[in-house]
Amino acid sequence: MNTPRMLLAALPLLVGVAQAQQPPESEWRQANRQVAEFPRGHADVLKWEQARQTALPPVAGKPATLVLNSLAEGVQLAWQAHPELAKPLAQLGRDDVALLASGQWQALSASKLRRIEDAAELIEVAHGTRKTLLAAMAVEQALPYQRQALQAAEAAAELGARMAQTGNWSKLQDAREQLLKVTALQQWQRSQYAADQSRAAVLKALQQWTRRVAQTIRLPQGLPALPAAILSEQAFQDRLERMAATLPASEQTMMRANAELAYSAYRTAYALAGSSQQDTLKLRQFIYDETVLRYNGMLLNTWDLLAESRVLAEARVAAIGAVRDFWLAEADLQLLLLGQVPESFVTLAAGGGDSPAAAGH
């Protein structure tokens, strides 16, 4: 079910459901006449009023947009920003370069890479760019759902304010809805900044500083889907042993310890992301659908519907964060199985809620 469409379709009925008996005051009738002029009720009134206050003329002379169609394309562009990597790229060969750019590092030979001068830098650039892009893509993918959460909070606050003005709600009830709106707005502002921050991080990784405005980059649409299965414990141990055999004895113990931690993060992140999509989101969607049915049957009130719409949007944001965390953990594990150690491991925050912009670093 499309959350915003269902919500907006229900909004013209909100006043009647929330308050069975309308007051006789002229202010209430005037407010309802204003709402009736808009096909989607209070939400359209709010948007119309905001548009009148904030509409700005289009900006002329915007820089051309840098379009990235895939993660591999971003990695290759980052390599191009480092002329000194041309030699190791040539030594690696076209097929292995394609595998490294696309994140298929398990198909690469760790022993071959160790024989190529500057291969470590080649892998480091690929790893850092991939994580930065994944974090930025997650931010972009989550923005529409964060906007939905804000719209639900705005609709509840708008309706509550109008009811309070006509004496049908207490100041306490109105204050609660206004606080939810303020909180949602603050989160939206943080999300917009995180988007700017993540775009800037991508431009920095690609050394595209001539493109002065972060919004001039278009990222790949959506994170990769979760794989059907992950690297098994036995396959991990086999690859770890093959990699460790290419290292000096003094490095093997530390590498094994780091690899075990990376595999634990990888396996846990996969379980959390799968649960977020298969369990949490499905249950949230069911609760929302049932709330809509009961709302239409006048068994639940307006704020139940708006609250569930907001919570569902927030659950979708958390699910995106969980998928992002898996791919960040996957990149760290692949790096370790090529004989290198990442600067830090991903933090598996509750709900995938750690800073998306920071997650790529």
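When Leu272 is tested against (1) over 17 Å from the mean Cα position of the chain (by Cα); (2) assigned to a helix (DSSP H, G or I); (3) more than 30 Å from His82 (Cβ to Cβ); (4) modelled with pLDDT of 95 or more, exactly one condition is not met: (1).
Out of curiosity, is Ala331 open to solvent by less than 10 Å² (accessible area, probe 1.4 Å), more than 30 Å from Leu159 (Cβ to Cβ), part of a helix (DSSP H, G or I) and in contact (Cβ under 8 Å) with a residue 12 or more places away in the chain? The answer is yes for Ala331.
Only one of the listed residues (Ala155, Ala184, Ala175) is within 32 Å of the chain's Cα centre (by Cα) and free of Cβ contacts under 8 Å to residues at least 60 places away in the same chain. That residue is Ala175. In this structure, does Leu293 turn out to be without any contact (Cβ under 8 Å) to a residue 24 or more places away in the chain and of a type outside the set (Ser, Thr, Tyr)? When the stated conditions are applied, Leu293 passes them.
Within segment 234-253, the residues that satisfy the criterion of being in contact (Cβ under 8 Å) with a residue 24 or more places away in the chain and either outside any loop (DSSP other than H, G, I, E, B) or under 20 Å from Asn69 (Cα atoms) (or both) are Phe236, Arg239, Leu240, Arg242, Met243.
List, please: which pairs have Cβ atoms under 9 Å, are six or more places apart or on different chains, and start with a residue in segment 92-107 that is touching a residue at least 24 places away in the same chain (Cβ under 8 Å) and end with one that is among the polar types (S, T, N, Q) and in a helix (DSSP H, G or I)? These pairs meet every condition: Ala101/Gln76; Gly103/Gln334; Trp105/Gln334; Gln106/Gln334. Does Ala164 satisfy being free of Cβ contacts under 8 Å to residues at least 24 places away in the same chain and touching a Lys or Arg at 6+ places or on another chain (Cβ under 7 Å)? When the stated conditions are applied, Ala164 passes them.
Just to confirm my filter: which helices (runs of 4 or more DSSP H) fall fully inside segment 77-165 and include at least 2 residues that are of a type in the set (A, V, I, L, M, F, W, C) and in contact with a Phe, Trp or Tyr (Cβ under 7 Å, 6 or more places away or on another chain)? Show your work before the answer.
Numbers: elements: 86-92, 94-101, 110-114, 119-165.
Answer list for segment 77-165: 119-165.
If you go through segment 131-161 and pick out every residue that is open to solvent by 30 Å² or more (accessible area, probe 1.4 Å) and of a type in the set (Lys, Arg), you end up with 1. Pairs are defined by a Cβ separation below 8 Å, a sequence spacing of at least 6 or placement on different chains, a first member in segment 130-146 that is more than 14 Å from Val317 (Cα to Cα), and a second member that is open to solvent by less than 10 Å² (accessible area, probe 1.4 Å) and hydroxyl-bearing (Ser, Thr, Tyr); the pairs so defined are Thr132/Ser198.
The values are calculated or read from the model by the stated rules, or taken from the named source; none is laboratory data. This is a predicted model, so every value here is computed, not measured. Ideal geometry is used to build each Cβ from the backbone, glycine not excepted, and the neighbour counts take in all protein chains shown. Remember, those area values only see protein heavy atoms, side chains included, never the ligands or the DNA or RNA. Shrake-Rupley method; radii C 1.70, N 1.55, O 1.52, S 1.80 Å.
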